[in-house]
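Below is one structure; the comments refer to it alone.
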Amino acid sequence: MIAIVIVAHVPLASALEACARHVLGREPDVVVADILPNECASDCAPNLAQQIIDADQGEGVLVLTDLPGATPSNIAVQASHLVQAAGVPCCVLGGVNASMLLRAINYRQGSLEDVATSALAGATHALLRVD
C-alpha cells in the first residue's frame, strides 16, 4: 500500500487530515507535516525525509503539498530527493485539496504512479462552478 504524507502551511495539513477522518468515518492513515512560519527547506528537509522513509510500507510514498513553489513544497521536494537517494520511491504533488487527498487514500493500493495519477484526477475533477 502506498503511504501518504501531507506537507502544508500550518494548520492546513492537520486540517486536511481531520477532513478526511470526518468524510471517511475512520482514521485516514496519513502522516502530517504542518510547516511553521520561518521554517526553511535546508533545516526541515532531513527531518521530513526521515518521516517519509518511516511512513513507507515497501511500495513508495505519495507526498501531497499545498502551494507549488512555496516553503512546504520546497521542503517536500528536497526531502523527496533524500528519500529517493535512500532507495524509497517517492512522488510529490502540489496543490493538494480535499478531493485529491480522499482519492489518494481510497486508491492507494495501486502503484505509486497510479495513485499519483488518480490523486491528480481527483483534484482536477473537483474544480467546478457549482452555482
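The values are calculated or read from the model by the stated rules, or taken from the named source; none is laboratory data. Please read all numbers here as calculations on a predicted model, not as lab measurements. Here Cβ is always computed from backbone atoms with ideal geometry, including for glycine, and neighbour counts include all displayed protein chains.
Key figures
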quantity: Matching residues, region 33-42, being surrounded by fewer than 20 Cβ atoms within 10 Å (Cβ to Cβ) and in contact (Cβ under 8 Å) with a residue 12 or more places away in the chain; calculated: D34, L36, P37, E39, C40, A41, S42
quantity: Verdict on A45 being aliphatic (A, V, I, L, M), surrounded by fewer than 17 Cβ atoms within 10 Å (Cβ to Cβ) and over 21 Å from S118 (Cα atoms); calculated: no
quantity: Leading residue by the ranking (surrounded by the most Cβ atoms within 10 Å (Cβ to Cβ)) among those in region 84-131 that are touching a residue at least 40 places away in the same chain (Cβ under 8 Å) and farther than 16 Å from I6 by Cα; calculated: G110
quantity: L93 being at pLDDT 95 or above, within 20 Å of L24 (Cα to Cα) and in contact with a strand residue (DSSP E or B) (Cβ under 9 Å, 6 or more places away or on another chain); calculated: no
quantity: Count of region 50-83 residues which are surrounded by fewer than 16 Cβ atoms within 10 Å (Cβ to Cβ) and either free of Cβ contacts under 8 Å to residues at least 40 places away in the same chain or basic (K, R) (or both); calculated: 6
